[in-house]
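Trainee: Would you mind keeping the following structure in view while I ask a few things?
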Amino acid sequence: MLARGWAQVHEWVNPKKFFQLCVLTLAFVVLVILWGALVRATGSGAGCGEHWPLCNGQMLPSLARYQTIIEFAHRLSSGLSLLAVFTMGHFAFRLYPKGHSVRRFVLLSMVAIVFEAAVGAGLVLLRLVEHDQSVDRAVSIAIHLVNTCFLVGALTVTAWCAVPGRVGRHRFFEGGSLGRTEGFWTLLGFIALSAAGALTALGDTLFQSKSFQEGWVRDWAQDAHFLERLRAFHPAFALFWMMLAVHWLQSRSSSVWARRAMGLLVSNLVIGAANVLLAAPLALQLVHLGVANALWICLVLSAIEESR
């Protein structure tokens, strides 16, 4: 019966359905990323103890603690996202010929999501969660965010290439044309900005301040932790990156994705400023991260269209 059902799924999936699968998977992965931020912000990374992939040594753990509920839900959703990406890979290699861009980028997506799972497992097994303030945790979190950008970017390009009727090959992927444009530096700068933002969010979690003034004093105190000192770097770098991004996006004003990116950029600048002034409330952190992911998707799509 299972084999018959799988065969029916094969008959049902076509390029149009595959494109829809790509979009839904991308949206789901972004939701998983936001839930991961909730895990960090609530200190729930140790909610399943030091066990992985089991939770407190069990398949179905006791859910008496809210930290366990949050972490266990994140593990389940992460597993589903891994399954979704590999399902994309299966149908991509079935529907598209050798050398098609969909095959290339779905493969990159699969590699990225496996690495994402490996980093998450490493954080738990090495106890780089909850109240840990080590350099190792900071480096791991930054690497995690860089890979997250690659994962979301690869899924975005996969979906773009899978639009029904689109050509199988594109010169953007052949000659590295993006590397010679201002768009490349905008994308690279965003990845660096995201890594800095991850460190800032970690600092806000570990060294919570009741007000902007209190946080500002702590950031510049002689005995401040390095994560406290780094909190001022993210907003400063964001302003520098914004000047580069705005210049590039204005030159791409005919692109709908560039216009959307510009709107999201301005919106997230305002949200980020409010986040700093209000001492990083959890809800605003999640909104800031969600808009940042939408902005990244629009930037990637704008960069692809630039090379057409």
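Read the figures in this text as sums done on the coordinates, not as results from a lab. Source: prediction; values computed, not measured. Cβ coordinates were reconstructed from backbone atoms using ideal geometry, including for glycine residues, and neighbour counts include every protein chain displayed.
Trainee: Once phi is turned into θ = phi - 60°, what whole-Hz ³J(HN,Hα) does the Karplus curve with 6.51, -1.76 and 1.60 give for every residue of segment 26-34, x standing for Gly and Pro?
Mentor: Working through the residues one at a time gives 4, 5, 5, 4, 4, 4, 5, 4, 5 Hz.
Trainee: Taking a ≥ b ≥ c as the square roots of the eigenvalues of the Cα gyration tensor of the chain, is the shape rounded (a/c under 1.5), prolate (a/b larger than b/c) or oblate?
Mentor: It is oblate, given that a/c is not under 1.5 and a/b is not larger than b/c.
Trainee: Work out, step by step, the length gained on full extension between residue 266 and residue 118: first 0.36 nm times the residue separation, then minus their alpha carbon distance; give nm to one decimal.
Mentor: Result for the pair: 49.9 nm of gain on full extension.
Trainee: Once you place label points 7 Å from the Cα toward the Cβ at residue 216 and residue 125, how far apart are they in nm?
Mentor: For the pair residue 216/residue 125, the computed spacing is 4.5 nm.
Trainee: Could you tell me which Cys residues in the chain have no other cysteine's Cβ under 4.7 Å from their own Cβ, answering none if every one has a partner?
Mentor: 22, 149, 161, 298
Trainee: Can you tell me which of 62, 81, 267 moves the most in a GNM of the chain? Springs connect C-alpha atoms under 10 Å apart.
Mentor: Sorting by GNM fluctuation, first place goes to 62.
Trainee: OK, next. Between residue 274 and residue 246, how high is the FRET efficiency from 1/(1 + (r/R0)^6) when r is the Cβ-Cβ distance and R₀ = 25 Å? Nearest 0.05.
Mentor: Given R0 = 25 Å and the Cβ-Cβ separation, E is 0.80.
Trainee: Show me, for segment 123-140, the HN-Hα J-couplings you get by feeding each phi into the Karplus relation (A = 6.51, B = -1.76, C = 1.60, θ = phi - 60°), rounded to Hz, glycine and proline as x.
Mentor: Result, ordered by residue: 4, 6, 5, 8, 6, 8, 9, 6, 9, 5, 10, 7, 5, 4, 5, 4, 5, 5 Hz.
Trainee: Now for a different question. Going by a ≥ b ≥ c, the root eigenvalues of the Cα gyration tensor, does segment 232-285 fall in the rounded group (a/c under 1.5), the prolate group (a/b larger than b/c) or the oblate group?
Mentor: Here segment 232-285 falls in the oblate category.
Trainee: Pairs of alpha-carbon atoms within less than 8 angstrom and 6+ residues apart define the contacts here; what relative contact order does segment 174-308 have, in percent?
Mentor: 31 percent
Trainee: Using alpha carbons only, how many angstrom separate the centre of segment 261-276 from the centre of segment 12-71?
Mentor: Here the two parts' Cα centres lie 27 Å apart.
Trainee: Determine the relative contact order of the chain: mean sequence separation of Cα pairs under 8 Å and six or more apart, normalised by residue count, in whole percent.
Mentor: 20 percent
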